[in-house]
Amino acid sequence: MRSALTLARRGWGRTAPNPMVGAVVVRDGQIVGRGYHAAFGEPHAEVTALREAGALAQGATLVVTLEPCNHHGKTPPCVDAILAAGIAEVLYAVEDPTPVAGGGAARLQASGVRVSVGVERAAAAELNAPFFFAAQDSSRPFITLKLAISLDGALTDATRSSGWLTGELARREVHRLRTNADAIAVGSGTALADDPQLTVRSGRRPRIAPLRVVFDRRAQLPLTSQLVRTARKLPTLLATAEPPPAAAAALEAKGVQLLPATSLSAHLAQLRARGVRHLFAEGGAGLAGALLGLGAVDRLVIFQAPVVLGQGALGAFSAAPPATVDAVRRWRVVEDRWLNDDRLLVLAP
């Protein structure tokens with residue numbers, strides 16, 4: 001199953017809105033077929049693994065990270081391929097949560113195939129956390145909040161100067177994380193201070209470039225910013241409240257799409273309605289505080305640099321709602337590793 005999970009990760013940034021899935025065919029204790037879902041619309045992991053196994057699939061075991069699908073979509077049902085190959089046993093990590101594709105296990109069992117579920121369930125669910133979230137909640141996207149901070153928890157120094165806290169390896173990891181999101185978002189403060197591009201510029205390119213979103217209530221984004229100047233090439237949304245008509249018209253003339261709403265939750269609902277299942281929010285402090293206050297952060301990704309910014313620095317959580325020690329919310333560590341001198345910490349509520 002761990003081999004199948006490793007294979008599944010090869011689909012990073014290429015399979016959405018489908019999940020990443022890996023599969024191996026095992027015969028006499030040896031892997032004889034391997035497969036993964038390489039991209040949306042291409043063959044599923046099970047089919048690729050069965051093709052590689054060929055005749056050796058007869059009477060073998062199929063190990064797959066997600067319950068095999070049982071519906072006609074871009075490709076035929078994987079259950080059909082499994083039955084045709086003569087697989088004797090299927091082990092899968094986690095159930096398919098979608099009503100359309102689910103039910104594969106029941107059909108396999110009804111056809112005489114031995115089926116079991118649960119091996120490496122937590123790892124398989126975490127790999128496709130936005131997919132599972134979307135299956136149960138359509139009110140907003142799955143939200144990852146990424147923050148690069150100092151040892152003393154600051155986003156930037158007292159002068160509010162723009163610059164990198166973390167090293168090159170950490171910055172490449174940010175681009176890799178962006179690849180698997182439907183949209184990349186920042187608040188107006190970050191957009192004004194950093195003039196970001198909000199694109200994937202390192203490593204493997206995503207199948208579809210993420211939508212770019214700025215939460216900017218007063219439509220302050222300059223017409224000379226990189227986001228506005230490239231808005232006709234890369235879709236750019238401005239989540240705003242009641243922007244000045246002249247500013248709104250000027251931005252729209254440059255290709256920026258305005259998304260008016262009266263609250264953050266309404267903006268998130270609008271993004272979900274537009275097909276954004278996974279929103280990768282990159283701060284700053286105002287947006288981070290608003291999302292945390294709304295209870296809408298599903299993964300908190302912290303890149304911590306070995307520097308101290310000291311008095312007057314902008315705290316990453318300075319806009320978050322206050323909490324008391326006896327009632328503070330605790331987070332669960334999903335991942336903790338080092339990228340040279342920088343620490344990467346991923347947490348779930």
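The values are calculated or read from the model by the stated rules, or taken from the named source; none is laboratory data. Nothing here was measured: the structure is a model prediction, and the numbers come from that model. In this analysis, Cβ positions are derived from the backbone assuming ideal geometry, glycine residues included, and neighbour counts consider all displayed protein chains. For the accessible areas, the whole protein counts, side chains as well, though only heavy atoms, and no ligand, DNA or RNA atoms are used. Shrake-Rupley method; radii C 1.70, N 1.55, O 1.52, S 1.80 Å.
Taking every residue in the stretch 126-141 that is over 21 Å from L264 (Cα atoms) and pairing it with any residue that is of a type in the set (D, E, K, R), at least 6 positions away or on another chain, yields no pair with a Cβ-Cβ distance below 6 Å.
Filtering A16, A39 for residues that are surrounded by fewer than 20 Cβ atoms within 10 Å (Cβ to Cβ), in contact (Cβ under 8 Å) with a residue 60 or more places away in the chain, outside any helix (DSSP H, G or I) and among the small types (G, A, S) leaves a single hit, A39. Restricted to the stretch 153-171, and to residues there that are β-branched (V, I, T) and open to solvent by less than 40 Å² (accessible area, probe 1.4 Å), the residue that is farthest from R201 (Cα to Cα) is T156.
The set of residues in the stretch 134-152 that are within 12 Å of the chain's Cα centre (by Cα) and either within 19 Å of E335 (Cα to Cα) or surrounded by fewer than 20 Cβ atoms within 10 Å (Cβ to Cβ) (or both) comprises F142, I143, T144, L145, K146. Taken over the stretch 142-188, the criterion of being over 30 Å from P99 (Cβ atoms), part of a helix (DSSP H, G or I) and either of a type outside the set (K, R) or in contact (Cβ under 8 Å) with a residue 40 or more places away in the chain (or both) is satisfied by E168, L169, A170, E173, V174, H175, R176, R178, S188.
Whenever a residue of the stretch 189-208 is touching a residue at least 12 places away in the same chain (Cβ under 8 Å), its partners that are open to solvent by 70 Å² or more (accessible area, probe 1.4 Å), lying with C-beta atoms within less than 6 angstrom and at least six residues away or across chains, give the pairs A193/S162; D194/S162; S202/R172; G203/R176.
Of all the residues that make up the stretch 49-79, how many are assigned to a helix (DSSP H, G or I), open to solvent by 60 Å² or more (accessible area, probe 1.4 Å) and of a type outside the set (A, V, I, L, M)? Spell out how you get there, then give the answer.
As a first pass, look at the stretch 49-79 and keep what is assigned to a helix (DSSP H, G or I): 49-57, 78-79.
Pick out the ones that are also open to solvent by 60 Å² or more (accessible area, probe 1.4 Å) and you get 51-52, 55-56.
From what's left, of a type outside the set (A, V, I, L, M): 51-52.
Qualifying residue count, the stretch 49-79: 2.
Applying the criterion of at least 2 residues that are farther than 19 Å from L177 by Cα and open to solvent by 10 Å² or more (accessible area, probe 1.4 Å) to the strands (runs of 3 or more DSSP E) found wholly in the stretch 231-305 leaves 257-260.
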